[in-house]
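These notes concern the structure reproduced below.
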Amino acid sequence: MSARSANRLIRNGGDRNVQDYSGLGNRVIDIGLPDDITHPDAGVTMAQLGAVHEFGAPENSPPIPQRSFLRAWIQASRSRIIRTLNINAENISVGLSIEDGAGQVALWGQGQVQEYITDLYDPPNAPLTIALKGDDNPLIDTGAMRQAVIGLVNDND
């Protein structure tokens, strides 16, 4: 997963409200969509499909509105993210490895973003889209994009 397809939760010591994660060194926690897996129906990578939903495609006909699921999750979950990072930092201080702690946070964030995708209904799909899909969840058709969300601990490149 490239940096372009992910939101980074923490970098080299992270946020000033978060306990010390500096032991990660040149590692970061990435949560996003892979740019090396193609969506089975859309014919674009998961990262490309996610970017269309994240930022919208107003030039399309019909236009696709922005339905942020990464940036919006981070904004809505900031206090939970900080609390989770701090709890993990406490666990690290009593013996959990930094790598394992960061991996736990990455998996937690992955699940949280997947849940956010499931719960997002605004802006709603157009009536024609709902009729074609048979469902009114704007970010879920086959579920492949939601399933592809991944949380990883990566080198900061």
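The values are calculated or read from the model by the stated rules, or taken from the named source; none is laboratory data. Owing to the predicted nature of the structure, the values given are computational and were not obtained by experimental measurement. So basically every Cβ, Gly included, is an ideal-geometry build from the backbone, and we count neighbours across all protein chains shown.
Given the criterion part of a loop (DSSP other than H, G, I, E, B), closer than 21 Å to residue 45 by Cα and in contact with a helix residue (DSSP H, G or I) (Cβ under 6 Å, 6 or more places away or on another chain), identify the matching residue among 136, 141.
Working: 136 fails: closer than 21 Å to residue 45 by Cα.
Just a single option satisfies the conditions, and that option is 141.
Here's the yes/no breakdown for (1) in contact (Cβ under 8 Å) with a residue 12 or more places away in the chain; (2) farther than 16 Å from residue 115 by Cα; (3) among the hydroxyl-bearing types (Ser, Thr, Tyr):
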position	(1), (2), (3)
54	yes, no, no
59	no, yes, no
64	yes, yes, no
74	yes, no, no
83	no, yes, no
92	yes, yes, no
Q. Is one or more of the residues making up the range 132-141 surrounded by 13 or more Cβ atoms within 10 Å (Cβ to Cβ) and of a type in the set (Gly, Ala, Ser)?
A. no
Q.
Tell me the residue from 30, 41, 36 that is under 20 Å from the mean Cα position of the chain (by Cα) and surrounded by fewer than 20 Cβ atoms within 10 Å (Cβ to Cβ), please.
A. 36
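Can you name the residue in the range 81-112 that is small (Gly, Ala, Ser) and in a helix (DSSP H, G or I) and is also surrounded by the most Cβ atoms within 10 Å (Cβ to Cβ) among such residues? Even if it seems obvious, please write down each step before you answer.
Initial filter on the range 81-112 (small (Gly, Ala, Ser)): 89, 93, 95, 97, 101-103, 106, 109, 111.
Then drop every residue that is not in a helix (DSSP H, G or I), which leaves 89, 93, 101-103, 106, 109, 111.
Numbers: 89: 19, 93: 11, 101: 23, 102: 26, 103: 17, 106: 20, 109: 28, 111: 12.
The qualifying residue surrounded by the most Cβ atoms within 10 Å (Cβ to Cβ) is 109.
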Q: Residue by residue through the range 69-100, note down the ones that are within 24 Å of residue 38 (Cβ to Cβ) and out of contact with any Gly (no Cβ under 9 Å at 6 or more places or on another chain).
A: 71
Q: Taking only the range 113-124 into account, find how many residues are free of Cβ contacts under 8 Å to residues at least 40 places away in the same chain and part of a helix (DSSP H, G or I).
A: 4
Q. Any idea which of 56, 109, 103 is in contact with a Leu (Cβ under 7 Å, 6 or more places away or on another chain) and modelled with pLDDT of 90 or more?
A. 109
